[in-house]
Amino acid sequence: MEAARLRRAKIARCRFQAAAAPPSTYVSHADRLDELRGCLFHELILRGVDVDDFRPLRTWTIVRPGWSALAWLPDQLRAMETAVDFPSRSLRGSARGGRSGLPAEGRMDPPTPRVTARSALQDVATTDVYESIVAAPEAGEWGDHGAWVFRLDEAVAPEQVPALLPTLPMPCVDGLGPTGRFEIAIRPVDEIWRLLFATASMGGMYSTGVDGAYGRLWAWRSLAGLSGTAADASADDVERHASQSTWFHFEADAEWFHNDLCADYGIATLSPDRRRLAVLAATDTD
């Protein structure tokens with residue numbers, strides 16, 4: 001609990017001060033205005049606005065490169081970011097986001113009864129990789145989430161992943177049983193980014209998320225961790241790795257998931273060489 005609280009505090013600080021500044025550093029009014037400019041810049045990008053029409057905002061990223069954590073993000077909307085979900089807002093100010101239900105397209109549900117023997121593979125996720133993978137649900141303050149990375153003994157085809165996932169040593173599939181619901185679909189990377197962005201920007205059942213600009217940042221961070229991109233990689237590197245990987249969206253009736261109003265999902269990523277499988281699971285409930 002303490003580790004989770006500290007991670008949430010770190011994310012909150014990132015919204016109001018430069019990532020490079022230590023927590024004790026005084027943040028001036030001018031710096032806060034620059035942070036606001038950065039947020040506005042990326043909110044406009046997400047909405048498909050040509051930011052070249054807003055020269056003061058456009059030149060801000062050149063005059064003060066690297067000042068904000070947002071400076072890492074691409075300054076143009078990438079192809080995988082074109083399907084962006086924003087919350088529906090009422091006249092009274094309340095907001096409601098989208099849900100994470102499994103789509104009908106690309107389904108690869110393994111036949112039942114499934115093999116119940118646990119795989120001998122071991123989770124090899126480092127702390128840094130774990131924190132990168134869970135960046136989106138952590139920012140969105142979802143009820144629970146987890147991340148695992150497995151180095152496979154041999155290359156596996158995407159068609160083998162649906163049968164392999166329920167056998168992996170992960171709490172999110174513990175106690176599933178040979179006939180319990182395990183549904184999975186192969187998905188394009190843009191749909192995965194869309195899910196991660198909604199998770200971070202709109203939050204969970206009892207949170208409002210971090211809005212568009214930082215939602216974009218944490219979605220990219222989760223995408224980087226899942227695709228196995230190096231921690232110091234550029235957005236171009238992350239995009240290249242992600243586009244070359246194979247992505248899956250899954251749901252399960254395991255006890256770890258609350259299965260409440262579609263506020264549950266799992267994401268699995270098979271690396272281009274088919275020797276690394278990364279998993280993110282997130283769940284929330286009212």
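When residues in the stretch 210-233 are screened for being modelled with pLDDT under 95, open to solvent by 10 Å² or more (accessible area, probe 1.4 Å) and not aliphatic (A, V, I, L, M), 2 of them pass.
From the residues in the stretch 234-245 that are open to solvent by 30 Å² or more (accessible area, probe 1.4 Å) and not small (Gly, Ala, Ser), which one is farthest from residue 273 (Cα to Cα)? Show your work before the answer.
Kept after step one, since they are open to solvent by 30 Å² or more (accessible area, probe 1.4 Å), are these residues of the stretch 234-245: 234, 236-237, 239-241, 243-244.
With not small (Gly, Ala, Ser) added as a condition, the list becomes 236-237, 239-241, 244.
On the way: 236: 19, 237: 16, 239: 16, 240: 14, 241: 11, 244: 9 Å.
Looking at residues that are open to solvent by 30 Å² or more (accessible area, probe 1.4 Å) and not small (Gly, Ala, Ser), I get 236.
Scanning the stretch 246-256 for residues that are hydrophobic (A, V, I, L, M, F, W, C) and open to solvent by 10 Å² or more (accessible area, probe 1.4 Å) returns a single hit, 256. Those residues that are surrounded by fewer than 18 Cβ atoms within 10 Å (Cβ to Cβ), of a type in the set (Val, Ile, Thr) and modelled with pLDDT under 75, I need them from the stretch 26-71; list them, please. Matches in the stretch 26-71: 27, 59, 62, 63.
Taken over the stretch 148-168, the residue count meeting the criterion of being under 25 Å from residue 257 (Cα atoms) and either in a helix (DSSP H, G or I) or open to solvent by 60 Å² or more (accessible area, probe 1.4 Å) (or both) is 11. Here residue 181 does not qualify as closer than 23 Å to residue 107 by Cα, of a type in the set (Lys, Arg) and crowded, with 19+ Cβ neighbours inside 10 Å. Kindly check whether there is at least one residue in the stretch 217-236 that is touching a Lys or Arg at 6+ places or on another chain (Cβ under 7 Å), over 30 Å from residue 36 (Cα atoms) and touching a residue at least 12 places away in the same chain (Cβ under 8 Å). Yes, there is a match, as at least one residue in the stretch 217-236 is touching a Lys or Arg at 6+ places or on another chain (Cβ under 7 Å), over 30 Å from residue 36 (Cα atoms) and touching a residue at least 12 places away in the same chain (Cβ under 8 Å).
Counting only residues that are loosely packed, with under 13 Cβ neighbours inside 10 Å, among the acidic types (Asp, Glu) and closer than 16 Å to residue 278 by Cα, the stretch 104-133 holds 1 of them. Residues that are in contact with a strand residue (DSSP E or B) (Cβ under 7 Å, 6 or more places away or on another chain) and under 18 Å from residue 283 (Cβ atoms) were ranked within the stretch 186-209; the one that is surrounded by the fewest Cβ atoms within 10 Å (Cβ to Cβ) is 195.
Residue count for the stretch 215-268 satisfying the condition of being farther than 20 Å from residue 166 by Cα, of a type in the set (A, V, I, L, M) and under 11 Å from the mean Cα position of the chain (by Cα): 4.
The values are calculated or read from the model by the stated rules, or taken from the named source; none is laboratory data. All of these numbers come straight from a predicted model, not from anything done at the bench. Cβ coordinates were reconstructed from backbone atoms using ideal geometry, including for glycine residues, and neighbour counts include every protein chain displayed. Ligands, DNA and RNA are excluded from the accessible area calculation, which covers all protein heavy atoms including side chains. Shrake-Rupley method; radii C 1.70, N 1.55, O 1.52, S 1.80 Å.
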